[in-house]
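**Q** Below you will find the structure I want to go over with you.
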Amino acid sequence: MRLAELSERSGVPVGTIKYYLREGLLPQGERISATQAAYSEAHLRRLGLIRAMIQIGRIPVATVREVLGHVDDESLGTTFRLGAALWAMPQPPEAPADDPLTVQVTEAVDRFLGDMGWHNAREIGALSPTYRTLVTTIVTLTRLGFSRGAETLAQYAHLMEEVAQLDLDQLDTYEDDSEKVELAVASAVLYEPLLLALRRLAQEEHSTRRYGL
């Protein structure tokens with residue numbers, strides 16, 4: 001398709017598409033003349049991802065470029081390609097690594113991951129901002145007196161395993177690794193709010209059933 005059709009189908013103005021091309025967010029089209037290029041369904045899909053990250057995720061253009069660089073990095077295996085793309089997204093502040101409580105919680109998290117059988121997650125450990133977010137969150141909960149212990153955490157973790165399996169089943173409907181990683185990034189921006197909304201609606205439903213209005 002030509003640029004005008006890409007704009008019409010995506011709903012993204014031509015000027016914005018040209019900006020994404022200049023910034024390296026959108027791959028160049030196949031050159032068909034000195035002044036024209038052809039674009040594919042992959043460009044259309046990528047435009048949707050870019051818009052989701054910028055408009056809904058409020059992610060800065062420089063960070064979007066970094067994330068998409070990992071999406072397109074064919075030198076990485078699927079797991080590290082997924083991880084690198086998701087890790088490059090904005091992360092919350094972390095607890096100081098030398099804080100005694102952070103050290104204590106980190107050790108407890110490592111034991112917990114071992115008990116869960118999540119040995120790969122434990123091995124990746126400090127490389128993963130997700131791991132550090134878990135540590136920081138537990139540190140904060142502990143300081144505020146809201147920590148519920150490993151047994152409750154394990155109950156939530158088992159439920160999240162089912163969600164993770166469903167997520168990967170969805171990824172496996174795509175053969176190309178770039179498409180898999182694009183879907184994972186889109187899910188982080190779009191489906192995590194959806195899951196949170198479903199959780200809160202379920203809480204409202206079951207609260208009413210249990211306690212009444």
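A short reminder: the numbers here are calculations on the coordinates, not readings from a lab. Given the structure is predicted, the values throughout are model-derived calculations rather than measurements. Cβ coordinates were reconstructed from backbone atoms using ideal geometry, including for glycine residues, and neighbour counts include every protein chain displayed.
**Q** Identify which of ALA97, ALA186, ALA34 has the largest mean-square fluctuation in a Gaussian network model of the chain, with springs joining Cα atoms closer than 10 Å.
**A** Top of the fluctuation ranking is ALA34.
**Q** Name the long-range amide H neighbours of ALA37: under 5 Å, sequence gap of 5 or more, or other chain; modelled H, no Pro or chain starts.
**A** Correct list: LEU3, ILE32.
**Q** Give the longest segment of the chain that steers clear of GluC sites (Glu not before Pro) in DSSP loops with at most 10 neighbouring Cβ atoms within 10 Å, not counting the sites themselves.
**A** Working: sites that count: GLU74, GLU175.
After excluding every exposed loop site, the longest remaining stretch is 75-174.
**Q** Are there trypsin sites (Lys or Arg not before Pro) in the stretch 1-101 that DSSP puts in a loop and that have at most 16 other Cβ atoms within 10 Å, and which ones? Before the final figure, lay out the partial values.
**A** Working: sites: ARG2, ARG9, LYS18, ARG22, ARG31, ARG45, ARG46, ARG51, ARG58, ARG65, ARG81; in loops: ARG2, ARG58.
Those satisfying the criteria are ARG2, ARG58.
**Q** Follow-up. Could you tell me the center-to-center distance, by alpha carbons, between the stretch 68-134 and the stretch 23-54 in angstrom?
**A** After rounding, the separation between the Cα centres reads 32 Å.
**Q** A further question on this structure: Sorted from largest down, what three extents in whole angstroms do the Cα atoms of the stretch 100-211 have along their principal axes?
**A** 44, 43, 22
**Q** Evaluate the Debye formula for the stretch 1-119 with equal point scatterers sitting on the alpha carbons, no solvent, and hand back log10 of I(q)/I(0) at q = 0.11, 0.16, 0.17 Å⁻¹, in q order, two decimals.
**A** Log-scaled intensity ratios, in q order: -0.54, -0.86, -0.93.
**Q** For PHE146, project a label point 7 Å along Cα to C-beta. Then give me every residue of the stretch 77-116 with its amide nitrogen under 20 Å of that point.
**A** Those under the cut-off are 91-96, 101-102, 105-106, 109.
**Q** Additional query: Taking only Cα atoms and a 10 Å spring cutoff, compute GNM fluctuations for the chain and point out the largest among SER75, SER178, SER187.
**A** Evaluated over the chain, the most mobile residue of the options is SER75.
**Q** For ARG111 and ARG65, what does the FRET efficiency come to when R0 = 35 Å and r is the distance between their Cβ atoms, rounded to the nearest 0.05?
**A** Numbers: r = 38 Å, r/R0 = 1.09.
According to the calculation, E is roughly 0.35.
**Q** Here's a follow-up. Treating only the Cβ atoms of Lys and Arg (+1) and Asp and Glu (-1) as charged, compute the dipole magnitude of the chain about its Cα centre; round to the nearest 20 debye.
**A** On the way: 21 positive and 30 negative charges, 181 e Å.
Taking the Cα centre of the chain as origin, the dipole is about 860 debye.
**Q** Given the chain reduced to its alpha-carbon atoms as identical point scatterers, what log10 I(q)/I(0) does the Debye formula return at q = 0.08 Å⁻¹?
**A** -0.39
**Q** A further question on this structure: Take ASP72, project a point 7 Å from its Cα along the Cβ direction, then tell me which residues of the stretch 1-27 have their backbone nitrogen under 12 Å from it.
**A** The answer is 20-27, whose backbone nitrogens lie closer than 12 Å to the label point.
**Q** Here is a follow-up. Could you calculate the FRET efficiency of LEU196 with ARG2 from 1/(1 + (r/R0)^6), where r is the beta carbon distance between them and R0 is 30 Å, rounded to 0.05?
**A** Numbers: r = 40 Å, r/R0 = 1.32.
E(calc), rounded to 0.05, equals 0.15.
**Q** How high is the relative contact order of the chain, given as a whole-number percent (alpha carbon pairs under 8 Å, six or more residues apart)?
**A** Working: 142 pairs, mean separation 38.9, N = 213.
It rounds to 18 percent for the chain.
**Q** Once fully extended, how much extra length lies between LEU166 and ALA34, figured as 0.36 nm per residue of separation less the alpha-carbon to alpha-carbon distance?
**A** Numbers: separation 132, 0.36 × 132 = 47.52 nm, distance 4.60 nm.
Between LEU166 and ALA34, full extension yields 42.9 nm more.
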